[in-house]
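Working notes for the structure below.
The values are calculated or read from the model by the stated rules, or taken from the named source; none is laboratory data. This one's a predicted model, so the numbers in the text were calculated from it and none came from an experiment. Cβ sites come from the backbone with ideal geometry, for glycine too, and all protein chains shown count toward neighbours. The protein model used for the area step is the full one, side chains on, heavy atoms only, and it has no ligands, DNA or RNA in it. Shrake-Rupley method; radii C 1.70, N 1.55, O 1.52, S 1.80 Å.
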Amino acid sequence: MNRRQTPERSDERLLSSEIFPGERAPREHLALGSWHEAARELPVYRRCDVLVVGGGPSGTAAAVAAARAGAQVVLLERYNHLGGLSTGGLVLWIDRMTDWEGRHVIRGFAEQILDRLPAEAIAGPARDEWGSRDAARAAHWSQRTAAYHGVVTWSPTIDPERLKLASQDLVLEQKVHLVYHCWAAMPIVEGGSVRGVVFESKAGRQALFARVVVDATGDGDLFARAGAACDTDIERDDIHHCMNTAWLFGGVDMERWLEFKAGQPTQFAEFMSRGRDQLRYFERPFVSWRNDIALFMGPRQSGYSALDPDDQTEVEIRSHKLMAQHLDYYRTHAPGFDQAHLLQSAPQLGVRHSRRLVGVKKLVRAQWPAGGALEDEIGVTPSVSPKFPNISIPYGALVPEALNGLLACGRHISCDPNSHGFLREIPQCWITGQAAGTAAALAVQRGVAPRAIDIAELQSALLAQGVYLRPAARRAEAAAAQDRTT
Ligand SMILES: Cc1cc2nc3c(=O)[nH]c(=O)nc-3n(C[C@H](O)[C@H](O)[C@H](O)COP(=O)(O)OP(=O)(O)OC[C@H]3O[C@@H](n4cnc5c(N)ncnc54)[C@H](O)[C@@H]3O)c2cc1C
(Lines give C-alpha, C1' and ligand atoms only; values in the text may rest on other atoms or scores of the structure.)
Protein backbone atom coordinates (compact mmCIF):
# COMPACT_ATOMS: atom_id res chain seq x y z
CA MET A 1 0.00 0.00 0.00
CA ASN A 2 1.28 3.46 -0.90
CA ARG A 3 0.62 5.48 2.18
CA ARG A 4 0.74 9.19 1.41
CA GLN A 5 1.71 11.98 3.75
CA THR A 6 0.30 15.38 2.86
CA PRO A 7 3.15 17.89 2.44
CA GLU A 8 4.54 18.99 5.80
CA ARG A 9 3.07 22.24 7.20
CA SER A 10 1.81 23.42 3.85
CA ASP A 11 0.48 26.95 3.53
CA GLU A 12 -2.38 25.40 1.55
CA ARG A 13 -3.77 23.33 4.43
CA LEU A 14 -3.60 23.30 8.16
CA LEU A 15 -2.81 19.72 9.03
CA SER A 16 -0.36 17.25 7.61
CA SER A 17 -1.92 13.83 7.94
CA GLU A 18 -1.55 10.42 6.43
CA ILE A 19 -3.90 9.40 3.64
CA PHE A 20 -4.41 5.68 2.98
CA PRO A 21 -5.48 4.67 -0.54
CA GLY A 22 -8.47 2.51 0.32
CA GLU A 23 -7.78 -0.49 -1.92
CA ARG A 24 -11.43 -0.47 -2.92
CA ALA A 25 -12.62 -4.01 -3.61
CA PRO A 26 -13.62 -4.58 -7.26
CA ARG A 27 -17.39 -4.31 -7.65
CA GLU A 28 -19.45 -6.83 -9.55
CA HIS A 29 -21.50 -4.94 -12.14
CA LEU A 30 -24.71 -6.84 -12.72
CA ALA A 31 -26.99 -5.75 -15.55
CA LEU A 32 -30.23 -6.34 -13.69
CA GLY A 33 -32.36 -3.81 -15.54
CA SER A 34 -34.67 -1.33 -13.81
CA TRP A 35 -38.15 -1.19 -12.31
CA HIS A 36 -40.76 1.49 -12.96
CA GLU A 37 -42.13 2.85 -9.69
CA ALA A 38 -45.82 3.66 -10.02
CA ALA A 39 -47.02 7.19 -9.15
CA ARG A 40 -49.13 7.41 -5.99
CA GLU A 41 -50.92 9.89 -3.71
CA LEU A 42 -48.90 10.90 -0.63
CA PRO A 43 -50.24 12.34 2.62
CA VAL A 44 -48.96 15.85 3.38
CA TYR A 45 -47.17 15.84 6.74
CA ARG A 46 -46.90 19.62 7.19
CA ARG A 47 -46.62 23.01 5.48
CA CYS A 48 -44.13 25.54 6.87
CA ASP A 49 -42.18 28.67 5.99
CA VAL A 50 -38.70 27.16 6.15
CA LEU A 51 -37.82 23.48 5.98
CA VAL A 52 -34.27 22.58 7.03
CA VAL A 53 -33.18 19.09 6.00
CA GLY A 54 -30.26 17.73 8.02
CA GLY A 55 -29.59 18.48 11.69
CA GLY A 56 -25.80 18.71 11.57
CA PRO A 57 -23.94 21.86 12.68
CA SER A 58 -25.15 23.83 9.66
CA GLY A 59 -28.77 22.60 9.78
CA THR A 60 -29.08 23.21 13.52
CA ALA A 61 -27.75 26.77 13.10
CA ALA A 62 -30.06 27.33 10.11
CA ALA A 63 -33.18 26.13 11.95
CA VAL A 64 -32.47 28.24 15.04
CA ALA A 65 -31.66 31.34 12.96
CA ALA A 66 -34.75 31.02 10.75
CA ALA A 67 -37.02 30.59 13.78
CA ARG A 68 -35.38 33.52 15.58
CA ALA A 69 -36.09 35.62 12.50
CA GLY A 70 -39.79 34.81 12.86
CA ALA A 71 -40.28 31.89 10.44
CA GLN A 72 -42.27 28.71 11.13
CA VAL A 73 -39.58 26.08 10.82
CA VAL A 74 -39.43 22.30 10.44
CA LEU A 75 -36.10 20.54 10.99
CA LEU A 76 -35.93 17.03 9.53
CA GLU A 77 -33.14 14.64 10.54
CA ARG A 78 -32.60 11.00 9.60
CA TYR A 79 -30.92 9.97 12.89
CA ASN A 80 -31.94 10.39 16.55
CA HIS A 81 -29.82 13.41 17.47
CA LEU A 82 -28.62 16.83 16.35
CA GLY A 83 -25.03 17.83 15.64
CA GLY A 84 -24.37 15.60 12.62
CA LEU A 85 -20.70 14.73 12.38
CA SER A 86 -19.79 16.99 15.32
CA THR A 87 -21.70 14.61 17.63
CA GLY A 88 -22.71 11.43 15.81
CA GLY A 89 -19.45 11.43 13.85
CA LEU A 90 -17.45 11.95 17.08
CA VAL A 91 -15.75 14.97 15.48
CA LEU A 92 -15.50 16.54 18.88
CA TRP A 93 -12.61 18.83 18.05
CA ILE A 94 -14.17 22.11 16.95
CA ASP A 95 -11.72 23.81 14.63
CA ARG A 96 -10.35 27.34 14.91
CA MET A 97 -12.68 30.24 15.61
CA THR A 98 -9.88 32.78 16.19
CA ASP A 99 -7.59 34.21 13.53
CA TRP A 100 -3.80 34.40 13.63
CA GLU A 101 -4.00 37.59 15.72
CA GLY A 102 -6.25 35.90 18.28
CA ARG A 103 -9.36 37.82 17.13
CA HIS A 104 -12.56 35.86 17.71
CA VAL A 105 -13.99 35.91 14.17
CA ILE A 106 -16.35 32.93 14.19
CA ARG A 107 -19.06 34.04 16.60
CA GLY A 108 -22.87 34.27 16.53
CA PHE A 109 -24.33 30.77 16.75
CA ALA A 110 -20.87 29.30 17.40
CA GLU A 111 -20.47 31.36 20.53
CA GLN A 112 -24.05 30.84 21.71
CA ILE A 113 -23.96 27.08 21.49
CA LEU A 114 -20.50 26.64 23.04
CA ASP A 115 -21.48 28.97 25.91
CA ARG A 116 -24.24 26.48 26.74
CA LEU A 117 -21.85 23.63 27.46
CA PRO A 118 -21.09 22.96 31.12
CA ALA A 119 -17.46 23.61 32.08
CA GLU A 120 -16.66 19.90 32.29
CA ALA A 121 -17.88 19.37 28.71
CA ILE A 122 -15.40 21.67 26.94
CA ALA A 123 -11.60 21.82 27.04
CA GLY A 124 -9.38 24.48 25.51
CA PRO A 125 -7.24 27.54 26.23
CA ALA A 126 -8.66 30.40 28.30
CA ARG A 127 -9.67 33.52 26.37
CA ASP A 128 -6.60 35.50 27.48
CA GLU A 129 -4.38 32.93 25.74
CA TRP A 130 -6.01 33.18 22.30
CA GLY A 131 -3.47 34.56 19.84
CA SER A 132 -0.55 34.07 22.23
CA ARG A 133 2.79 33.40 20.52
CA ASP A 134 4.49 32.43 23.75
CA ALA A 135 6.61 29.41 22.74
CA ALA A 136 5.87 27.37 25.88
CA ARG A 137 2.10 27.96 25.73
CA ALA A 138 2.00 27.25 21.98
CA ALA A 139 3.96 24.02 22.52
CA HIS A 140 1.54 23.00 25.29
CA TRP A 141 -1.58 23.68 23.21
CA SER A 142 -0.21 22.28 19.95
CA GLN A 143 -0.36 18.87 21.66
CA ARG A 144 -3.99 19.56 22.53
CA THR A 145 -5.49 20.67 19.17
CA ALA A 146 -5.29 24.38 20.03
CA ALA A 147 -2.08 25.87 18.57
CA TYR A 148 -0.81 26.00 14.99
CA HIS A 149 2.11 27.82 13.41
CA GLY A 150 3.17 28.81 16.96
CA VAL A 151 -0.12 30.61 17.73
CA VAL A 152 -2.60 29.55 20.43
CA THR A 153 -6.11 29.28 18.94
CA TRP A 154 -9.70 28.87 20.16
CA SER A 155 -10.40 25.35 18.88
CA PRO A 156 -11.76 23.39 21.84
CA THR A 157 -12.68 19.75 22.26
CA ILE A 158 -16.20 19.03 23.50
CA ASP A 159 -18.38 16.29 24.97
CA PRO A 160 -20.56 15.17 22.02
CA GLU A 161 -23.50 14.17 24.24
CA ARG A 162 -23.58 17.67 25.74
CA LEU A 163 -23.43 19.21 22.26
CA LYS A 164 -26.39 17.05 21.19
CA LEU A 165 -28.36 18.28 24.19
CA ALA A 166 -27.42 21.95 23.72
CA SER A 167 -28.38 21.74 20.02
CA GLN A 168 -31.73 20.14 20.81
CA ASP A 169 -32.48 22.68 23.59
CA LEU A 170 -31.73 25.63 21.30
CA VAL A 171 -33.95 24.25 18.55
CA LEU A 172 -36.86 23.48 20.88
CA GLU A 173 -36.60 26.85 22.66
CA GLN A 174 -37.14 28.52 19.29
CA LYS A 175 -40.29 26.41 18.71
CA VAL A 176 -38.80 24.66 15.71
CA HIS A 177 -40.81 21.57 14.80
CA LEU A 178 -38.10 18.94 15.13
CA VAL A 179 -38.61 15.51 13.62
CA TYR A 180 -36.07 12.68 13.92
CA HIS A 181 -36.03 9.36 12.07
CA CYS A 182 -37.09 10.88 8.75
CA TRP A 183 -35.02 10.57 5.59
CA ALA A 184 -35.60 13.15 2.84
CA ALA A 185 -35.82 11.20 -0.39
CA MET A 186 -36.78 13.63 -3.17
CA PRO A 187 -37.23 17.37 -3.52
CA ILE A 188 -40.60 18.51 -4.84
CA VAL A 189 -39.75 20.80 -7.76
CA GLU A 190 -42.24 22.85 -9.74
CA GLY A 191 -41.31 25.38 -12.42
CA GLY A 192 -37.62 25.43 -11.48
CA SER A 193 -38.37 26.06 -7.81
CA VAL A 194 -38.14 23.67 -4.85
CA ARG A 195 -41.47 23.54 -2.99
CA GLY A 196 -40.71 20.91 -0.39
CA VAL A 197 -39.58 17.30 -0.04
CA VAL A 198 -40.87 13.77 -0.08
CA PHE A 199 -39.46 11.87 2.87
CA GLU A 200 -39.50 8.30 4.19
CA SER A 201 -40.01 7.16 7.77
CA LYS A 202 -41.61 4.30 9.67
CA ALA A 203 -44.89 6.07 8.84
CA GLY A 204 -44.21 5.55 5.14
CA ARG A 205 -43.69 8.09 2.39
CA GLN A 206 -45.00 11.62 3.02
CA ALA A 207 -44.77 15.10 1.51
CA LEU A 208 -43.69 18.26 3.34
CA PHE A 209 -44.15 21.69 1.78
CA ALA A 210 -42.15 24.83 2.54
CA ARG A 211 -41.72 28.29 1.07
CA VAL A 212 -37.94 27.89 1.28
CA VAL A 213 -35.96 24.67 1.73
CA VAL A 214 -32.48 24.69 3.26
CA ASP A 215 -30.34 21.75 2.14
CA ALA A 216 -28.09 20.93 5.11
CA THR A 217 -27.60 17.24 4.27
CA GLY A 218 -23.85 17.68 3.79
CA ASP A 219 -24.03 15.73 0.53
CA GLY A 220 -26.31 18.05 -1.43
CA ASP A 221 -28.95 15.31 -1.54
CA LEU A 222 -31.70 17.81 -2.34
CA PHE A 223 -30.07 20.26 -4.71
CA ALA A 224 -28.44 17.43 -6.67
CA ARG A 225 -31.74 15.56 -7.03
CA ALA A 226 -33.46 18.81 -7.98
CA GLY A 227 -31.06 19.05 -10.92
CA ALA A 228 -28.75 21.83 -9.67
CA ALA A 229 -25.18 21.71 -10.96
CA CYS A 230 -22.62 20.15 -8.58
CA ASP A 231 -18.83 19.97 -8.38
CA THR A 232 -17.12 16.76 -7.28
CA ASP A 233 -13.41 17.41 -7.99
CA ILE A 234 -10.97 16.98 -5.09
CA GLU A 235 -7.60 18.25 -3.84
CA ARG A 236 -5.56 15.04 -3.70
CA ASP A 237 -2.99 16.27 -1.14
CA ASP A 238 -5.67 17.35 1.31
CA ILE A 239 -7.50 14.91 3.59
CA HIS A 240 -10.78 16.61 2.63
CA HIS A 241 -11.79 13.72 0.32
CA CYS A 242 -11.08 10.89 2.82
CA MET A 243 -13.59 8.83 4.78
CA ASN A 244 -13.33 6.85 8.01
CA THR A 245 -15.37 6.00 11.08
CA ALA A 246 -14.01 7.78 14.14
CA TRP A 247 -13.85 6.06 17.54
CA LEU A 248 -13.11 6.69 21.21
CA PHE A 249 -11.02 4.66 23.65
CA GLY A 250 -11.81 5.03 27.36
CA GLY A 251 -9.60 4.22 30.35
CA VAL A 252 -6.54 6.04 28.97
CA ASP A 253 -4.15 8.57 30.47
CA MET A 254 -3.65 11.13 27.72
CA GLU A 255 -1.27 13.28 29.78
CA ARG A 256 1.06 10.30 30.04
CA TRP A 257 0.73 9.67 26.29
CA LEU A 258 1.49 13.34 25.48
CA GLU A 259 4.57 13.27 27.72
CA PHE A 260 5.78 10.24 25.79
CA LYS A 261 5.04 11.75 22.37
CA ALA A 262 6.73 15.08 23.12
CA GLY A 263 9.45 13.86 25.48
CA GLN A 264 10.67 10.73 23.71
CA PRO A 265 10.67 11.56 19.98
CA THR A 266 12.87 8.62 18.96
CA GLN A 267 10.71 6.07 20.79
CA PHE A 268 7.57 7.77 19.45
CA ALA A 269 8.88 7.49 15.87
CA GLU A 270 9.65 3.79 16.48
CA PHE A 271 6.17 3.28 17.93
CA MET A 272 4.56 4.84 14.85
CA SER A 273 6.76 2.94 12.42
CA ARG A 274 6.05 -0.42 14.11
CA GLY A 275 2.32 0.39 14.16
CA ARG A 276 2.32 1.14 10.42
CA ASP A 277 4.16 -2.11 9.73
CA GLN A 278 1.79 -4.21 11.83
CA LEU A 279 -1.58 -2.58 11.05
CA ARG A 280 -0.80 -0.93 7.66
CA TYR A 281 -3.62 1.59 8.23
CA PHE A 282 -2.39 3.29 11.38
CA GLU A 283 -3.61 6.29 13.33
CA ARG A 284 -2.49 8.29 16.34
CA PRO A 285 -4.86 9.62 18.98
CA PHE A 286 -6.00 13.18 19.66
CA VAL A 287 -7.01 14.56 23.02
CA SER A 288 -10.70 14.76 23.88
CA TRP A 289 -12.54 16.83 26.49
CA ARG A 290 -11.32 14.43 29.22
CA ASN A 291 -7.92 13.00 30.09
CA ASP A 292 -9.30 9.44 30.21
CA ILE A 293 -10.79 9.47 26.69
CA ALA A 294 -8.75 9.37 23.46
CA LEU A 295 -10.11 10.34 20.03
CA PHE A 296 -9.10 8.60 16.79
CA MET A 297 -10.22 10.43 13.62
CA GLY A 298 -8.64 8.05 11.12
CA PRO A 299 -7.08 6.13 9.42
CA ARG A 300 -8.22 8.36 6.55
CA GLN A 301 -9.12 6.31 3.50
CA SER A 302 -9.21 7.73 -0.04
CA GLY A 303 -10.72 6.47 -3.28
CA TYR A 304 -14.25 5.90 -1.98
CA SER A 305 -17.53 7.58 -2.81
CA ALA A 306 -19.75 8.76 0.03
CA LEU A 307 -22.67 8.34 -2.37
CA ASP A 308 -22.16 4.58 -2.87
CA PRO A 309 -23.53 2.31 -0.11
CA ASP A 310 -21.04 -0.46 -0.96
CA ASP A 311 -18.16 2.00 -0.56
CA GLN A 312 -19.64 3.35 2.67
CA THR A 313 -19.99 -0.19 4.00
CA GLU A 314 -16.42 -1.09 3.10
CA VAL A 315 -15.09 1.96 4.97
CA GLU A 316 -17.27 1.15 8.01
CA ILE A 317 -16.18 -2.50 8.12
CA ARG A 318 -12.48 -1.70 7.81
CA SER A 319 -12.70 1.13 10.36
CA HIS A 320 -14.45 -1.10 12.90
CA LYS A 321 -11.85 -3.84 12.48
CA LEU A 322 -9.05 -1.28 12.74
CA MET A 323 -10.52 0.02 15.98
CA ALA A 324 -10.10 -3.41 17.60
CA GLN A 325 -6.60 -3.88 16.12
CA HIS A 326 -5.56 -0.44 17.37
CA LEU A 327 -6.78 -1.31 20.86
CA ASP A 328 -4.54 -4.41 20.98
CA TYR A 329 -1.52 -2.50 19.67
CA TYR A 330 -1.99 0.57 21.88
CA ARG A 331 -2.63 -1.47 25.03
CA THR A 332 0.62 -3.33 24.49
CA HIS A 333 2.89 -0.55 23.27
CA ALA A 334 1.52 2.92 24.08
CA PRO A 335 2.28 4.63 27.41
CA GLY A 336 -1.04 5.67 28.98
CA PHE A 337 -3.07 3.03 27.10
CA ASP A 338 -2.46 -0.15 29.13
CA GLN A 339 -5.99 0.01 30.64
CA ALA A 340 -7.70 1.26 27.47
CA HIS A 341 -11.06 -0.13 26.35
CA LEU A 342 -13.40 0.35 23.40
CA LEU A 343 -15.74 3.16 24.36
CA GLN A 344 -17.61 3.95 21.14
CA SER A 345 -17.39 3.88 17.37
CA ALA A 346 -19.14 6.78 15.67
CA PRO A 347 -22.79 6.15 14.76
CA GLN A 348 -22.30 8.38 11.68
CA LEU A 349 -19.78 7.57 8.95
CA GLY A 350 -17.07 10.23 8.70
CA VAL A 351 -17.69 11.79 5.31
CA ARG A 352 -15.69 14.91 4.60
CA HIS A 353 -16.74 15.46 0.99
CA SER A 354 -19.11 14.22 -1.70
CA ARG A 355 -20.77 16.94 -3.78
CA ARG A 356 -20.49 20.72 -3.72
CA LEU A 357 -23.07 23.18 -5.03
CA VAL A 358 -22.30 25.27 -8.09
CA GLY A 359 -23.50 28.56 -6.70
CA VAL A 360 -24.02 32.11 -7.87
CA LYS A 361 -20.56 32.66 -6.35
CA LYS A 362 -17.75 30.27 -5.52
CA LEU A 363 -15.10 30.74 -2.82
CA VAL A 364 -11.79 29.91 -4.54
CA ARG A 365 -8.09 29.68 -3.72
CA ALA A 366 -7.31 32.83 -5.77
CA GLN A 367 -9.39 34.84 -3.30
CA TRP A 368 -7.27 33.91 -0.26
CA PRO A 369 -4.55 36.56 -0.54
CA ALA A 370 -7.00 39.42 -1.23
CA GLY A 371 -8.24 39.84 2.32
CA GLY A 372 -11.03 42.25 1.45
CA ALA A 373 -14.62 41.79 2.55
CA LEU A 374 -16.93 40.80 -0.29
CA GLU A 375 -20.05 42.89 -0.83
CA ASP A 376 -22.24 39.95 0.17
CA GLU A 377 -20.11 38.79 3.12
CA ILE A 378 -22.09 36.59 5.53
CA GLY A 379 -19.16 35.51 7.68
CA VAL A 380 -15.41 35.59 8.06
CA THR A 381 -13.18 32.55 8.33
CA PRO A 382 -9.62 32.39 9.59
CA SER A 383 -7.18 31.44 6.83
CA VAL A 384 -5.17 28.22 6.81
CA SER A 385 -1.85 29.87 7.57
CA PRO A 386 -0.56 33.23 8.85
CA LYS A 387 0.59 33.91 5.27
CA PHE A 388 -3.03 34.75 4.35
CA PRO A 389 -5.47 37.28 5.82
CA ASN A 390 -8.97 36.30 6.97
CA ILE A 391 -11.28 35.14 4.19
CA SER A 392 -14.71 36.54 3.37
CA ILE A 393 -17.56 34.03 2.84
CA PRO A 394 -20.06 35.27 0.23
CA TYR A 395 -23.83 34.78 0.38
CA GLY A 396 -23.67 33.75 -3.29
CA ALA A 397 -21.91 30.51 -2.25
CA LEU A 398 -25.18 29.37 -0.64
CA VAL A 399 -27.42 30.22 -3.61
CA PRO A 400 -27.76 27.75 -6.52
CA GLU A 401 -26.82 29.09 -9.93
CA ALA A 402 -30.31 28.56 -11.33
CA LEU A 403 -32.54 26.56 -8.96
CA ASN A 404 -34.99 28.61 -6.85
CA GLY A 405 -36.64 27.98 -3.49
CA LEU A 406 -33.51 26.42 -1.97
CA LEU A 407 -30.38 27.50 -0.11
CA ALA A 408 -27.38 25.34 0.76
CA CYS A 409 -25.23 25.51 3.88
CA GLY A 410 -22.49 23.46 5.51
CA ARG A 411 -19.87 21.29 3.92
CA HIS A 412 -21.41 21.29 0.43
CA ILE A 413 -21.48 25.05 -0.30
CA SER A 414 -20.00 26.46 -3.48
CA CYS A 415 -16.19 26.51 -3.34
CA ASP A 416 -13.13 24.98 -4.96
CA PRO A 417 -11.56 21.82 -3.49
CA ASN A 418 -8.76 23.73 -1.80
CA SER A 419 -11.14 26.10 -0.01
CA HIS A 420 -13.36 23.14 0.88
CA GLY A 421 -10.48 22.01 3.13
CA PHE A 422 -11.51 24.66 5.70
CA LEU A 423 -15.05 25.66 4.70
CA ARG A 424 -16.21 22.16 5.70
CA GLU A 425 -15.04 22.64 9.31
CA ILE A 426 -17.70 22.78 12.03
CA PRO A 427 -17.41 26.53 12.88
CA GLN A 428 -17.61 27.49 9.20
CA CYS A 429 -20.71 25.24 8.89
CA TRP A 430 -22.26 27.15 11.80
CA ILE A 431 -21.57 30.42 9.93
CA THR A 432 -23.16 29.32 6.66
CA GLY A 433 -26.06 27.63 8.48
CA GLN A 434 -26.88 30.75 10.45
CA ALA A 435 -26.75 32.83 7.26
CA ALA A 436 -28.90 30.38 5.26
CA GLY A 437 -31.57 30.21 7.96
CA THR A 438 -31.70 33.99 8.36
CA ALA A 439 -31.82 34.51 4.59
CA ALA A 440 -34.57 31.91 4.17
CA ALA A 441 -36.71 33.65 6.80
CA LEU A 442 -36.11 37.03 5.15
CA ALA A 443 -37.10 35.65 1.75
CA VAL A 444 -40.37 34.36 3.24
CA GLN A 445 -41.10 37.65 5.04
CA ARG A 446 -40.42 39.77 1.96
CA GLY A 447 -42.10 37.34 -0.44
CA VAL A 448 -39.06 37.14 -2.70
CA ALA A 449 -36.78 34.35 -3.92
CA PRO A 450 -33.73 33.71 -1.69
CA ARG A 451 -31.48 35.05 -4.47
CA ALA A 452 -33.38 38.35 -4.44
CA ILE A 453 -33.18 39.27 -0.76
CA ASP A 454 -31.63 42.57 0.29
CA ILE A 455 -28.03 41.73 1.28
CA ALA A 456 -27.72 44.76 3.58
CA GLU A 457 -30.83 43.60 5.46
CA LEU A 458 -29.36 40.10 5.79
CA GLN A 459 -26.06 41.51 7.05
CA SER A 460 -27.71 43.73 9.62
CA ALA A 461 -29.81 40.76 10.86
CA LEU A 462 -26.64 38.68 11.19
CA LEU A 463 -24.81 41.46 13.02
CA ALA A 464 -27.78 41.71 15.43
CA GLN A 465 -27.35 37.96 16.11
CA GLY A 466 -23.70 38.49 17.10
CA VAL A 467 -22.11 37.31 13.83
CA TYR A 468 -18.70 38.83 13.09
CA LEU A 469 -18.81 40.81 9.82
CA ARG A 470 -16.60 43.63 8.68
CA PRO A 471 -18.63 46.89 9.00
CA ALA A 472 -19.81 48.33 5.68
CA ALA A 473 -17.37 51.22 5.82
CA ARG A 474 -14.42 48.90 6.28
CA ARG A 475 -15.80 46.63 3.58
CA ALA A 476 -15.92 49.47 1.08
CA GLU A 477 -12.45 50.58 2.15
CA ALA A 478 -11.04 47.08 1.71
CA ALA A 479 -12.70 46.75 -1.70
CA ALA A 480 -11.17 50.04 -2.83
CA ALA A 481 -7.75 48.91 -1.60
CA GLN A 482 -8.20 45.63 -3.46
CA ASP A 483 -9.06 47.56 -6.64
CA ARG A 484 -5.84 49.57 -6.29
CA THR A 485 -3.73 46.37 -6.08
CA THR A 486 -5.38 44.59 -9.06
C1 LIG B 1 -13.38 12.17 10.30
C2 LIG B 1 -13.64 13.64 10.26
C3 LIG B 1 -12.85 14.50 10.97
C4 LIG B 1 -13.12 15.86 10.97
N5 LIG B 1 -12.37 16.69 11.75
C6 LIG B 1 -12.80 17.95 11.99
C7 LIG B 1 -12.19 18.73 13.01
O8 LIG B 1 -11.24 18.30 13.65
N9 LIG B 1 -12.72 19.97 13.28
C10 LIG B 1 -13.78 20.46 12.58
O11 LIG B 1 -14.23 21.58 12.90
N12 LIG B 1 -14.36 19.75 11.57
C13 LIG B 1 -13.91 18.51 11.28
N14 LIG B 1 -14.53 17.74 10.33
C15 LIG B 1 -15.55 18.34 9.46
C16 LIG B 1 -16.93 18.49 10.08
O17 LIG B 1 -17.19 17.52 11.07
C18 LIG B 1 -18.05 18.38 9.03
O19 LIG B 1 -17.67 18.88 7.78
C20 LIG B 1 -19.28 19.14 9.54
O21 LIG B 1 -19.84 18.44 10.62
C22 LIG B 1 -20.31 19.29 8.43
O23 LIG B 1 -21.48 19.84 8.94
P24 LIG B 1 -22.81 19.81 8.05
O25 LIG B 1 -23.90 20.37 8.85
O26 LIG B 1 -22.52 20.41 6.73
O27 LIG B 1 -23.02 18.25 7.75
P28 LIG B 1 -23.07 16.96 8.68
O29 LIG B 1 -22.32 17.15 9.95
O30 LIG B 1 -22.68 15.84 7.79
O31 LIG B 1 -24.61 16.84 9.04
C32 LIG B 1 -25.56 16.50 8.06
C33 LIG B 1 -26.81 16.00 8.78
O34 LIG B 1 -27.82 15.77 7.82
C35 LIG B 1 -28.43 14.51 8.03
N36 LIG B 1 -28.89 14.03 6.72
C37 LIG B 1 -28.12 13.78 5.65
N38 LIG B 1 -28.86 13.41 4.61
C39 LIG B 1 -30.14 13.43 5.04
C40 LIG B 1 -31.39 13.16 4.41
N41 LIG B 1 -31.44 12.81 3.13
N42 LIG B 1 -32.52 13.29 5.15
C43 LIG B 1 -32.46 13.65 6.46
N44 LIG B 1 -31.31 13.92 7.11
C45 LIG B 1 -30.17 13.82 6.39
C46 LIG B 1 -27.34 13.67 8.63
O47 LIG B 1 -27.86 12.58 9.36
C48 LIG B 1 -26.58 14.68 9.49
O49 LIG B 1 -27.10 14.75 10.80
C50 LIG B 1 -14.22 16.37 10.24
C51 LIG B 1 -15.01 15.50 9.49
C52 LIG B 1 -14.73 14.15 9.50
C53 LIG B 1 -15.61 13.22 8.71
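Ordering of 349-357, 157-165, 211-219 by packing is 211-219, 349-357, 157-165, highest average first (other Cβ atoms within 10 Å, averaged per residue).
Listed by number, the DSSP H helices of the chain that run 24 Å or longer by alpha-carbon position along their axis and have mean Kyte hydropathy of at least 0.0 are 426-446. What a 1.4 Å probe finds exposed on the stretch 306-383 is 53% carbon and sulfur by accessible area, rounded to a whole percent.
How much net charge surrounds Ser201 when only the other residues with a Cβ under 13 Å from the Cβ of Ser201 are counted, with Lys and Arg +1 and Asp and Glu -1? Its environment carries a net charge of +2. Dividing the helix sum by the residues of the chain, where each DSSP H run of 4 or more adds -39500 (n - 2.57), gives a mean residue ellipticity at 222 nm of -9500 deg cm²/dmol.
Relative contact order, whole percent, for the stretch 352-456 stands at 29, derived from Cα pairs under 8 Å and 6 or more residues apart. Residues with beta-carbon under 9 Å from that of Pro427, excluding Pro427: net charge, scoring Lys, Arg +1 and Asp, Glu -1? Counting the neighbours of Pro427, the net charge comes to -1. Pairs of Cα atoms nearer than 8 Å and 6+ residues apart set the relative contact order; for the stretch 243-351 it is 48 percent. The eigenvalues of the Cα gyration tensor, multiplied by 5 and square-rooted, give the stretch 243-351 an equivalent ellipsoid with semi-axes of 25, 15, 11 Å from largest to smallest. With a simple spin-label model that places each label point 7 Å from the Cα along the Cα-to-Cβ direction, the separation between Ile317 and Arg40 comes to 3.2 nm. In order along the stretch 150-156, phi translates into HN-Hα couplings of x, 10, 6, 10, 8, 8, x Hz, rounded to whole numbers, per the Karplus curve 6.51 cos²θ - 1.76 cosθ + 1.60 with θ = phi - 60° and x for Gly and Pro.
Phe109 sits among other residues whose Cβ lies under 12 Å from its own Cβ, and their net charge, with Lys and Arg +1 and Asp and Glu -1, is +1. Label sites at Leu32 and Ala452, each approximated as a point 7 angstrom past Cα along Cα to Cβ, lie 4.6 nm apart. Stretched out straight at 0.36 nm per residue, the stretch from Ala25 to Asp338 would grow longer than its current Cα-Cα span by 109.2 nm. The separation of the stretch 179-245 from the stretch 281-314, counted between C-alpha centres, amounts to 24 Å. What the phi angles of the stretch 240-252 give under the Karplus curve with 6.51, -1.76 and 1.60, with θ = phi - 60°, is a coupling list of 5, 9, 8, 10, 5, 9, 6, 8, 10, 9, x, x, 9 Hz, glycine and proline written as x. Based on the reciprocal of the average 1/r between different C-alpha atoms, the Kirkwood radius for the chain equals 23.1 Å.
Remark: the stretch 396-411, residue by residue, has Karplus-estimated 3J(HN,Hα) of x, 6, 9, 9, x, 3, 10, 5, 9, x, 9, 10, 10, 8, x, 6 Hz, where x stands for each Gly or Pro and the curve is 6.51 cos²θ - 1.76 cosθ + 1.60 at θ = phi - 60°. Considering only alpha-carbon pairs that sit under 8 angstrom and 6 or more positions apart, the relative contact order computed for the chain is 22 percent.
A cut-off of 5 Å between modelled amide H atoms, ignoring neighbours fewer than 5 places along the same chain, links Cys48 with Phe209, Ala210, Arg211.
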